[in-house]
Amino acid sequence: MKTLKAFVIVAMASLVLMGCGRQSSSSANGETSDAQEKAEKEKPELVHQWSTDKVMKTPESVCYDPEREVLYVANIQGKPTNKDGKGFISRLSTEGEVLDLEWVDGLDAPKGMGVYQGKLYVTNIDEIVEIDIAAGKVANRYSCPGAQFANDIAINNSGVVFASDMAANLIYRLEGESVETWLESDKLKSPNGLFTTNDKLMIGIDGSVLQVNYDGGQLETYIPGTGSIDGLEAVEGKHYIKSDWAGHIHLLHPGKDKILLLDTADDDINAADIEYVPGTGMLYVPTFHDNRVMAYKLNME
């Protein structure tokens, strides 16, 4: 609609020029420039707020804890596939202060995270680790059958934990005390970013966002043409925001072209598993090899 508005303004200026000859060329160009400037100002944008120092160790994901108003950062510190015990979780303030760099350690290339009722759930290559937040210790480990590269996590309102496996092309479900393979499909090509709604699981794959009901309904394409997806978060009004590991962040909407919000690829700054907080409009980006967390404010208009 904003593009159409700009087009109408330009068209009206052209008609005035041709119809009466009283509108000067410089005045018409001025109106066009004003319309373009307004359209650009109304375009969604990310505004940088802060960056941590390069103290992280291959940060792969960020997770917000609304009850404690802190951020958790999963640090691989090693190779993403190695069970080496070098991985750890950091705690940050929402202003970027490092509260505890190695809050929980001894993990194996931790990646996706989710918080539910005082527990932090983390993928750990071939298992889901449950961390007691108050104690700051691992409470349980749940093995994922056949897992090769457990990646992202999302938790629905009922406390069901879903985890993607990018290499095995599976979605796991942790409910109660055990993990099961919940979803298999030819459509699941390198599933990564997950997001839970009231009734559906949203799945970011290489090229699109899929959706599926929790009752095991049909897997459907929700947003095509996305490019690769690492982190996936809901914004507002059916908008989603997604990152890709190379360093791009896009705004997505079904039936519309994606909008590029951030490109740090040329600076060799990755954009891994992002976290978006709707109440504040803040987006937190782990930069992987760049060893930082960066914070941005999303302005939709």
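Assorted remarks:
- Sole residue being of a type in the set (S, T, N, Q) and more than 23 Å from Val293 (Cα to Cα), chosen from Ser90, Ser143: Ser143
- Among the residues of the stretch 42-90, those identified as among the aromatic types (Phe, Trp, Tyr) and within 19 Å of the chain's Cα centre (by Cα) are Trp50, Tyr64, Tyr72.
For every residue, the table says whether it meets (1) in contact with a Leu (Cβ under 6 Å, 6 or more places away or on another chain); (2) within 22 Å of Val73 (Cβ to Cβ).
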| residue | (1), (2) |
| --- | --- |
| Gly136 | no, yes |
| Asn157 | no, no |
| Ser164 | yes, yes |
| Ile171 | yes, no |
| Lys187 | yes, no |
| Thr196 | no, yes |
| Gly204 | yes, yes |
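- Identity of the residue in the stretch 72-116, crowded, with 24+ Cβ neighbours inside 10 Å, touching a Ser or Thr at 6+ places or on another chain (Cβ under 8 Å) and not aliphatic (A, V, I, L, M), that ends up farthest from Ala168 (Cα to Cα): Tyr72
- Meets criteria (out of contact with any Cys (no Cβ under 7 Å at 6 or more places or on another chain) and surrounded by 17 or more Cβ atoms within 10 Å (Cβ to Cβ)) for Tyr172: no
- In the stretch 79-105, residue farthest from Lys297 (Cα to Cα) [restricted to those that are free of Cβ contacts under 8 Å to residues at least 40 places away in the same chain and acidic (Asp, Glu)]: Asp84
- Residues in the stretch 200-216 that are modelled with pLDDT under 95 and either outside the structural domain of Asn151 (by TED's automatic domain parsing) or touching a strand residue (DSSP E or B) at 6+ places or on another chain (Cβ under 6 Å) (or both): 0 in all.
- Output for the stretch 227-261, where each listed residue is charged (D, E, K, R), in a loop (DSSP other than H, G, I, E, B) and surrounded by 22 or more Cβ atoms within 10 Å (Cβ to Cβ): Asp230
Residue-by-condition table, conditions (1) free of Cβ contacts under 8 Å to residues at least 12 places away in the same chain; (2) closer than 22 Å to Gly225 by Cα; (3) part of a strand (DSSP E or B):
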residue: Ala167; (1), (2), (3): no, yes, no
residue: Thr181; (1), (2), (3): no, no, yes
residue: Leu188; (1), (2), (3): no, yes, no
residue: Asn198; (1), (2), (3): no, no, no
residue: Leu201; (1), (2), (3): no, yes, yes
residue: Val209; (1), (2), (3): no, yes, yes
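- Only strands (runs of 3 or more DSSP E) whose full extent lies in the stretch 55-142 are considered here, and the ones with at least 3 residues that are more than 26 Å from Glu177 (Cβ to Cβ) and in the same structural domain as Ala272 (by TED's automatic domain parsing) are 59-65, 70-75, 87-93, 98-107.
- Of everything in the stretch 211-226 that is assigned to a strand (DSSP E or B) and out of contact with any Pro (no Cβ under 8 Å at 6 or more places or on another chain), the residue that is surrounded by the most Cβ atoms within 10 Å (Cβ to Cβ) is Val212.
- Evaluating Gly176 against the criteria (1) modelled with pLDDT of 95 or more; (2) out of contact with any strand residue (DSSP E or B) (no Cβ under 8 Å at 6 or more places or on another chain) leaves one unmet condition, (1).
The values are calculated or read from the model by the stated rules, or taken from the named source; none is laboratory data. The structure presented is a predicted model; accordingly, all values stated were derived computationally and were not measured. Neighbour counts run over all protein chains shown; Cβ positions are idealised from the backbone, glycine included.
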